[in-house]
Amino acid sequence: MNVLLPLFIGAPLGCGFVIYLAFRNRDDKADWIANVCMMYLAAASLWSIKSLSAYGVLTYRMGGYAAPVGINLVLDGFSLLLLIIINVAGFLAAIYSVNYMERFTAKAKYYVMFLLMVAGMNGVVLTGDLFNLYVFLEIASISSYVLVGFGCEREQFEASFKYMVLGIVASAFILVGISLMYAATGVLSMVHLSDIAAQGNVSGCFMLAGAFFLMGFGLKAALVPFHAWLPDAHPSAPAPISAMLSGVLIKAIGIYCILRIFFNMFAMTPMVPFIFMMLGTASMVVGALLATGQWDYKRLLAYSSISQMGYVMLGAGVGARVIASGGPAHVATLAVLGALFHLINHAGFKSLLFLTSGAVEFSTGTRDLRKMEGVSQRMPVTAAAATAGSLAISGVPPFSGFWSKLFIVVACLQAGYNFLAFIAIGVSIVTLAYFLKVQKYAFFGGRKEGFEKIKEVPGLMCFPMIVLAVMCLAMGLLAVSPLREAILEPAVKVLTKQM
Amino acid sequence: MIIYLLCFVLFGIGLHAVVNKKNLIKIVVGVAIMEYSMNLLLVLIGYRMGGVAPIIDRETVAGEFVRLSVDPLPQAMVLTSIVIGLGVISLMVSVCIRLYEKYGTFDITKIKELRG
């Protein structure tokens with residue numbers, strides 16, 4: 001089974017290469033290759049659940065060299081969780097692109113960049129080597145800079161440039177952090193770094209590296225003091241790419257790297273979790289408050305991404321704080337479980353909401369909420385899907401978002417952070433408020449003049465939305481036993497190793 | 001030690017250019033300066049005063065080689081980082097050219113259709 005690991009990176013890279021070489025001007029062929037490739041990746045990532053529970057952690061040695069010398073690909077529970085998010089969301093976005101991308105020229109080139117981005121993200125979550133992580137991170141980032149500017153209009157270029165400048169600054173900080181880690185320890189393998197951290201004799205160089213990592217990955221994950229690029233970059237991209245960026249990219253190259261590095265490669269001190277909790281709370285509150293004032297549908301969703309990532313950081317921070325202070329194990333487990341559960345849920349409903357925004361834009365040509373009243377009568381599937389997504393994101397039971405938020409809030413209460421639990425509930429209510437605004441203005445309410453002729457989007461665009469809407473409801477089941485033990489608990493175990 | 005600090009000063013100069021300059025091309029130059037300072041830092045980590053190139057042949061004794069040679073890994077990393085830097089800078093410059101075509105200026109204060 002572990003020989004299949006390089007295919008997660010190799011398959012999209014190879015398919016992208018073939019599309020560019022042979023089918024650059026053949027959009028129909030490019031559709032087929034990209035979708036078959038993404039279908040394979042989604043199936044393989046789901047199949048990996050089974051092999052992970054059968055064989056334990058899978059390792060693939062690149063070129064046959066063992067860990068400190070060579071580069072390893074490692075599939076553990078946490079990588080698997082992200083791998084499922086990336087490839088399933090990527091598959092649905094690829095199907096959606098078939099019809100949606102018709103109105104852009106150069107669809108084949110779009111698929112090349114799309115597959116490159118997926119390859120980069122798969123590499124980031126699979127690699128066991130710190131410098132290799134940086135290389136894959138740059139692959140994913142550079143292709144996302146291109147995709148943000150793909151529309152070739154004034155504002156897309158502007159957003160792309162802004163995103164690129166901040167992304168490059170973030171990458172620079174990350175590379176400096178990696179160099180400092182190497183200077184302090186002389187190894188780049190994550191397993192060896194975590195052994196060194198566990199022994200506890202870390203130098204000041206190590207702590208400085210930690211500060212650089214927090215800055216760099218915080219920028220990539222758009223946590224609140226570093227969030228300014230996200231509301232420009234994510235709405236400017238084509239809708240399936242917005243779904244990938246907001247639903248997947250900020251998790252794979254932001255949150256995943258922060259959690260992996262600080263939970264596994266640094267000895268947990270009470271200081272770092274405190275920063276996590278501060279960043280998380282600030283993201284939650286500021287993101288939600290800024291989202292309420294937006295009238296552009298996609299921009300509202302982008303601000304809401306910042307807010308929801310705050311929940312993940314809050315959960316992880318509370319878990320880490322309990323681990324660092326030697327508190328009860330079940331509280332730490334619950335907090336980290338809540339954070340990871342919210343991570344996978346957010347991938348579902350935020351991808352869905354961005355796809356519905358694309359569908360509305362596809363039919364009506366506008367993203368302004370005030371201009372698209374009463375779309376629901378003409379576009380029932382889109383409206384139903386958007387309703388499911390809105391209910392899930394604002395945490396209405398029995399949708400998936402409710403359960404993960406409940407876990408985080410309960411963990412906060414059990415750890416004694418009553419005030420943070422109160423803020424988390426308050427932000428959830430604000431979330432409900434601005435999604436009710438979306439529902440009222442965009443989908444329900446009186447029908448607007450001039451929209452008599454709009455039609456529901458084609459079947460290939462409806463299919464991913466229906467699948468994701470069903471998942472919004474069904475992913476609540478991840479909290480109950482057989483699915484939780486297969487998917488969420490291995491990931492929690494990886495992060496709470498230090499306990 | 002002072003040379004490491006100078007490396008961070010160079011990084012700071014690049015960052016200053018990226019954050020404070022109003023001209024797109026000056027921002028690109030700032031990014032380039034930042035990348036050079038990172039490459040310099042990486043090379044410095046592997047550097048050893050009076051060391052030899054890390055190439056081993058039949059006559060060298062392994063222990064002697066380890067004592068004398070510089071660390072080859074950061075050099076390999078610098079090569080990778082230079083290639084990534086090339087890709088990033090060329091992409092940035094091409095976006096700058098397209099921005100100039102659309103707006104007719106390189107001044108970033110005049111390019112603001114998006115609300116912050």
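The values are calculated or read from the model by the stated rules, or taken from the named source; none is laboratory data. Fair warning: this is a prediction, and the values are worked out from it, not measured in the lab. For neighbour counting, all protein chains shown are included, and Cβ atoms are generated from backbone atoms with ideal geometry for every residue, glycine included. Note: areas computed on protein heavy atoms with side chains; ligands, DNA, RNA excluded. Shrake-Rupley method; radii C 1.70, N 1.55, O 1.52, S 1.80 Å.
Picking from A:Ser171, A:Ser160, which residue would you name as being at the interface with another protein chain (Cβ under 7 Å from one of its Cβ atoms), touching a helix residue (DSSP H, G or I) at 6+ places or on another chain (Cβ under 8 Å), polar (S, T, N, Q) and closer than 24 Å to B:His16 by Cβ? Show your work before the answer.
Working: A:Ser171 fails: at the interface with another protein chain (Cβ under 7 Å from one of its Cβ atoms).
None of the others qualify; the one that does is A:Ser160.
Which residue, of A:Leu413, A:Leu436, is modelled with pLDDT of 90 or more, open to solvent by 40 Å² or more (accessible area, probe 1.4 Å), of a type in the set (A, V, I, L, M, F, W, C) and more than 26 Å from the chain's Cα centre (by Cα)?
On the way: A:Leu436 fails: more than 26 Å from the chain's Cα centre (by Cα).
It is A:Leu413.
Within the set of pairs 6+ apart or on separate chains, which have a first residue in the stretch A:332-346 that is open to solvent by less than 10 Å² (accessible area, probe 1.4 Å), a second that is aliphatic (A, V, I, L, M) and not in a helix (DSSP H, G or I), and C-beta atoms under 7 Å apart? These pairs meet every condition: A:Ala332/A:Met499; A:Ala335/A:Ala415. Only a single criterion out of (1) under 25 Å from the mean Cα position of the chain (by Cα); (2) open to solvent by 50 Å² or more (accessible area, probe 1.4 Å) is not satisfied by A:Ala383, namely (2).
Condition (residue is in contact with a Pro (Cβ under 8 Å, 6 or more places away or on another chain) and under 24 Å from A:Gly167 (Cα atoms)) applied to the stretch B:26-37: is it met by at least one residue? No, the stretch B:26-37 contains no residue that is in contact with a Pro (Cβ under 8 Å, 6 or more places away or on another chain) and under 24 Å from A:Gly167 (Cα atoms). Exactly one residue among A:Phe150, A:Phe206, A:Phe131 is among the aromatic types (Phe, Trp, Tyr), surrounded by fewer than 24 Cβ atoms within 10 Å (Cβ to Cβ) and outside any helix (DSSP H, G or I), and that residue is A:Phe150. In the condition set (1) within 11 Å of another protein chain (Cβ to nearest Cβ); (2) under 16 Å from the mean Cα position of the chain (by Cα), B:Lys26 is compliant with all but (1). Is there a residue in the stretch A:63-78 that is in a helix (DSSP H, G or I), modelled with pLDDT under 95, open to solvent by less than 70 Å² (accessible area, probe 1.4 Å) and under 30 Å from A:Cys472 (Cα atoms)? Yes, the stretch A:63-78 contains at least one residue that is in a helix (DSSP H, G or I), modelled with pLDDT under 95, open to solvent by less than 70 Å² (accessible area, probe 1.4 Å) and under 30 Å from A:Cys472 (Cα atoms).
When the criteria are applied in full, A:Ile142 fails the requirement of being under 30 Å from A:Val112 (Cβ atoms), crowded, with 24+ Cβ neighbours inside 10 Å, among the β-branched types (Val, Ile, Thr) and within 12 Å of chain B (Cβ to nearest Cβ). When restricted to residues that are facing chain A (nearest Cβ under 10 Å), open to solvent by 30 Å² or more (accessible area, probe 1.4 Å) and under 11 Å from the mean Cα position of the chain (by Cα), the stretch B:81-95 contains 2.
Here are some residues: A:Val135, A:Val118, A:Val112. Which one is more than 9 Å from every other protein chain (Cβ to nearest Cβ) and closer than 22 Å to A:Ile71 by Cα?
Details: A:Val135 fails: more than 9 Å from every other protein chain (Cβ to nearest Cβ); A:Val112 fails: closer than 22 Å to A:Ile71 by Cα.
Exactly one residue qualifies, and that residue is A:Val118.
Table: residues versus (1) open to solvent by 50 Å² or more (accessible area, probe 1.4 Å); (2) out of contact with any Lys or Arg (no Cβ under 8 Å at 6 or more places or on another chain); (3) part of a helix (DSSP H, G or I); (4) aromatic (Phe, Trp, Tyr).
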{"position": "A:Gly395", "(1), (2), (3), (4)": "no, no, no, no"}
{"position": "A:Trp403", "(1), (2), (3), (4)": "yes, yes, yes, yes"}
{"position": "A:Leu420", "(1), (2), (3), (4)": "no, yes, yes, no"}
{"position": "A:Val457", "(1), (2), (3), (4)": "no, yes, no, no"}
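State whether one or more residues within the stretch A:254-269 are more than 25 Å from A:Met190 (Cα to Cα) and part of a helix (DSSP H, G or I). No, every residue in the stretch A:254-269 fails to be more than 25 Å from A:Met190 (Cα to Cα) and part of a helix (DSSP H, G or I). Only residues that are surrounded by 15 or more Cβ atoms within 10 Å (Cβ to Cβ) and at the interface with chain A (Cβ under 9 Å from one of its Cβ atoms) were counted across the stretch B:12-23, and they come to 3.
Selection of the stretch B:29-50 for residues being among the β-branched types (Val, Ile, Thr) and facing another protein chain (nearest Cβ under 8 Å) yields B:Val31, B:Ile45.
Quick check on my filter: what residues within the stretch A:182-203 are in a helix (DSSP H, G or I) and either within 9 Å of another protein chain (Cβ to nearest Cβ) or in contact (Cβ under 8 Å) with a residue 60 or more places away in the chain (or both)? Spell out the reasoning first.
Filtering the stretch A:182-203 down to residues in a helix (DSSP H, G or I) leaves A:182-185, A:190-199.
The answer is A:Tyr182, A:Ala183, A:Met190, A:Val191, A:His192, A:Leu193, A:Ser194, A:Ala197, A:Ala198.
For the stretch A:219-238, filtering for residues that are over 19 Å from A:Phe161 (Cα atoms) and either of a type in the set (Val, Ile, Thr) or open to solvent by less than 10 Å² (accessible area, probe 1.4 Å) (or both) leaves 2. When the stretch A:153-195 is limited to residues that are hydroxyl-bearing (Ser, Thr, Tyr) and open to solvent by 10 Å² or more (accessible area, probe 1.4 Å), the one that is nearest to B:Glu113 (Cα to Cα) turns out to be A:Tyr163.
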